[in-house]
Amino acid sequence: MTTPSNSSVQLPPLAGLCSFEEAQRAELSVERCTTWIKRHHYLLVRLHEMLTARITAEPVYELKMAFSLHAHLCAEHASAYRQRVGEMREPPLGLEAVPHEGLKLLCDEVLCSPSHIELVVGIYEVIVPALIESLEEYQAKTNPLADAPTVRLNRFCLLELRDMRAYGARAAKSLVDVVSRERLAPWIALLCECVACAGGVSGHHDDSSTRLVPASIFSATPYQYDPVPQRDARFADSYNAGVNPEAFLYDERFAARDKVLMMLYKRLREIDVPEMMASILTQTKGKPWKYTRDMTRQLWDEARHAMLGEVGFVALGIDWSKIPINFTWSLNLNTQLEPWERHAVLFFIEQGLMPRTGKRYEWEVGQASGLPLAAVIQDFDWADEVLHAQIGREWYVKEFKDLHEAMGYGDRCWTKVLSHWRAYVEQGLTEHHNWWPEIYEAACQRWGITPDPLALAYCTTYESIRADLADISMSG
């Protein structure tokens with residue numbers, strides 16, 4: 001093969017993208033590439049759907065957090081492929097079409113999984129690996145110079161899908177025993193057959209024309225979203241509203257270092273925001289994909305905040321499972337309001353966190369505490385909440401005449417939510433016990449200081465204070 005000569009300095013050809021030999025590939029046309037990309041897009045959108053739909057009712061905390069992250073990654077990559085298809089001479093885009101009934105059944109079966117065991121196996125051992133294999137095949141066949149924009153997107157997508165696959169392998173090792181493997185073998189075979197009858201994810205496998213779409217198992221009964229949040233055994237007494245952290249946080253009598261404990265509790269308690277936002281995303285239909293992408297980014301940020309609270313307690317050597325992490329905010333919103341009303345409450349809260357007695361104040365407390373990690377957590381939490389307010393203005397406020405009208409509607413929706421504090425006690429669900437003194441004493445022991453008697457005696461409950469914007473949320 002003859003290549004053009006250059007100067008005595010041998011620079012990489014073709015901007016370093018590929019060799020001349022690779023740049024001569026001519027197997028895939030724009031049309032074939034576009035059809036293939038649409039299949040990748042379809043699976044990413046469906047992965048986002050099944051991950052998001054299962055966040056609320058997933059009891060295992062680590063899975064709830066991982067599903068939040070992976071849904072965000074799928075939304076980001078689906079967005080990138082949507083844009084790429086629009087660049088490839090393809091009007092109308094046809095991105096909502098089902099590329100093959102086999103791929104549809106594959107995704108329907110995993111979405112309808114009866115437990116997280118099947119869900120983990122279906123997502124991380126079948127769909128994600130099949131998508132990775134297809135992307136690797138695409139990279140090997142397309143012209144890396146002519147199709148360089150897609151090749152670049154595929155590289156980013158592969159990077160994060162491989163991370164997802166690695167996480168799934170570790171999760172499956174922990175969750176799926178030998179007996180479960182044997183029980184699931186016919187179902188896994190069904191999923192693999194779904195991929196095969198579609199000609200693989202690519203659609204290019206020659207033996208697919210003779211294969212029929214197999215009969216459904218789990219998806220024979222259509223999927224029903226479960227809006228009731230579930231928590232694992234580490235989350236004891238989740239109806240407890242015996243400690244109002246906001247009232248403590250804004251009380252000038254208490255030291256910044258003591259207030260950090262309440263802020264870490266507030267961060268960890270944000271686990272209920274993904275539980276609620278997942279309900280909005282799952283039950284709201286007909287929105288542009290950018291809405292899905294933006295809202296999923298916020299959902300992931302809120303999950304990240306919960307984990308930052310977890311990290312804060314771990315750094316202090318405090319067992320956070322001894323703290324009742326309340327879930328009645330997500331429970332009440334999911335079961336008492338419509339999706340749009342939940343969105344209204346979400347924005348009302350986000351907007352309420354922006355004034356002086358909000359995120360900036362929490363950052364200032366973190367700065368004054370002398371605990372560098374607390375300052376970092378609140379610094380990034382504040383930045384995220386500014387972004388979330390912008391997302392709310394884009395996808396909520398624009399439906400109203402102005403901000404004032406939008407806030408008024410959110411306020412009215414929030415006042416519709418009933419918190420049955422006394423009923424929870426009467427039903428034996430909680431005693432609203434004051435967990436604060438035990439945690440505060442443990443932190444003081446860790447810090448090597450004597451507890452402040454006034455802080456130690458703190459016993460203000462949510463039932464006694466639930467009025468101001470500072471107290472509007474069990475999740476803020």
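The values are calculated or read from the model by the stated rules, or taken from the named source; none is laboratory data. Quick caveat, the model's predicted, so the values are computed rather than measured. Positions of Cβ are generated from backbone atoms using ideal geometry, with glycine treated the same way; all protein chains shown enter the neighbour counts. Surface areas here come from the heavy atoms of the whole protein model, side chains and all, with no ligands, DNA or RNA. Shrake-Rupley method; radii C 1.70, N 1.55, O 1.52, S 1.80 Å.
In the range 398-444, the residue that is nearest to F254 (Cα to Cα) out of those that are of a type in the set (F, W, Y) and under 27 Å from the mean Cα position of the chain (by Cα) is W414. Condition (residue is open to solvent by less than 10 Å² (accessible area, probe 1.4 Å), in a helix (DSSP H, G or I), modelled with pLDDT of 95 or more and within 30 Å of A306 (Cβ to Cβ)) applied to the range 12-35: is it met by at least one residue? Checking the range 12-35: not a single residue is open to solvent by less than 10 Å² (accessible area, probe 1.4 Å), in a helix (DSSP H, G or I), modelled with pLDDT of 95 or more and within 30 Å of A306 (Cβ to Cβ). Scanning the range 177-199 for residues that are open to solvent by less than 50 Å² (accessible area, probe 1.4 Å) and in contact with a Lys or Arg (Cβ under 9 Å, 6 or more places away or on another chain) turns up I188, C194, A196, C197, A198, G199.
The residues of the range 94-113 that are open to solvent by 30 Å² or more (accessible area, probe 1.4 Å) and within 11 Å of Y42 (Cβ to Cβ), listed by number, are G94, E96, A97, V98, P99, H100, K104. Taking each residue of the range 432-455 that is on the phi > 0 side of the Ramachandran plot and looking for partners that are open to solvent by 20 Å² or more (accessible area, probe 1.4 Å) with beta-carbon atoms closer than 9 Å, six or more apart or interchain, yields H432/D237; H432/Y239; H432/W421; H432/V425; H432/T461; H432/E463.
Looking only at the range 58-84, residues that are surrounded by fewer than 20 Cβ atoms within 10 Å (Cβ to Cβ) and not in a helix (DSSP H, G or I) come to 2 in all.
If a residue counts only when it is touching a Ser or Thr at 6+ places or on another chain (Cβ under 9 Å) and open to solvent by 10 Å² or more (accessible area, probe 1.4 Å), which helices (runs of 4 or more DSSP H) contained entirely in the range 238-292 have at least 2 such residues?
Ranges flagged: 256-269, 272-283.
For the range 291-298, indicate whether the set of residues that are out of contact with any Phe, Trp or Tyr (no Cβ under 9 Å at 6 or more places or on another chain), basic (K, R) and farther than 19 Å from T430 by Cα is non-empty.
Yes, there is a match, as at least one residue in the range 291-298 is out of contact with any Phe, Trp or Tyr (no Cβ under 9 Å at 6 or more places or on another chain), basic (K, R) and farther than 19 Å from T430 by Cα.
Taken together, E394, E431 contain a single residue that is modelled with pLDDT of 95 or more and open to solvent by 30 Å² or more (accessible area, probe 1.4 Å), which is E394. Take the residues in the range 453-464 that are open to solvent by 50 Å² or more (accessible area, probe 1.4 Å), farther than 22 Å from F235 by Cβ and not hydrophobic (A, V, I, L, M, F, W, C); name whichever of them is farthest from the chain's Cα centre (by Cα). The extreme case among them is P453. Restricting the range 266-286 to residues that are without any contact (Cβ under 8 Å) to a residue 60 or more places away in the chain and at negative phi, the residue that is farthest from the chain's Cα centre (by Cα) is K285.
Scanning the range 46-57 for residues that are within 14 Å of the chain's Cα centre (by Cα) and assigned to a helix (DSSP H, G or I) gives L47, H48, E49, M50, L51, T52, A53, R54, I55.
Taken as a whole, the condition of being over 14 Å from I271 (Cα atoms) and out of contact with any helix residue (DSSP H, G or I) (no Cβ under 8 Å at 6 or more places or on another chain) applies to T335.
Please tell me if V314 is modelled with pLDDT of 95 or more, assigned to a helix (DSSP H, G or I) and more than 25 Å from the chain's Cα centre (by Cα). Answer is no for this residue.
Scan the range 49-86 residue by residue and report those that are β-branched (V, I, T) and over 12 Å from P274 (Cα atoms). Before the answer, list the steps.
Residues of the range 49-86 β-branched (V, I, T): 52, 55-56, 60, 85.
Within the range 49-86, V60, V85 qualify.
Take the conditions under 21 Å from R253 (Cα atoms), hydrophobic (A, V, I, L, M, F, W, C) and at pLDDT 95 or above and apply them to A455. Does it pass?
Criteria met by A455.
Of the helices (runs of 4 or more DSSP H) lying entirely inside the range 91-202, those containing at least 1 residues that are under 20 Å from M50 (Cβ atoms), modelled with pLDDT of 95 or more and out of contact with any helix residue (DSSP H, G or I) (no Cβ under 9 Å at 6 or more places or on another chain) are 128-141, 148-175, 178-197. Which of the residues belonging to the range 174-192 are closer than 18 Å to A130 by Cβ and without any contact (Cβ under 8 Å) to a residue 40 or more places away in the chain? Listed by number, the residues that qualify are A185, A189. State all residues of the range 324-373 that are small (G, A, S), modelled with pLDDT of 95 or more and open to solvent by less than 10 Å² (accessible area, probe 1.4 Å); if no residue qualifies, say none. Once the filter is applied, which keeps residues that are small (G, A, S), modelled with pLDDT of 95 or more and open to solvent by less than 10 Å² (accessible area, probe 1.4 Å), the range 324-373 yields S330, A344, G366. Out of all the residues in the range 114-129, is one or more of a type in the set (F, W, Y) and open to solvent by less than 10 Å² (accessible area, probe 1.4 Å)? Checking the range 114-129: at least one residue is of a type in the set (F, W, Y) and open to solvent by less than 10 Å² (accessible area, probe 1.4 Å). Just one residue in the set V376, V417 is β-branched (V, I, T), touching a residue at least 12 places away in the same chain (Cβ under 8 Å) and out of contact with any Phe, Trp or Tyr (no Cβ under 8 Å at 6 or more places or on another chain); that residue is V417.
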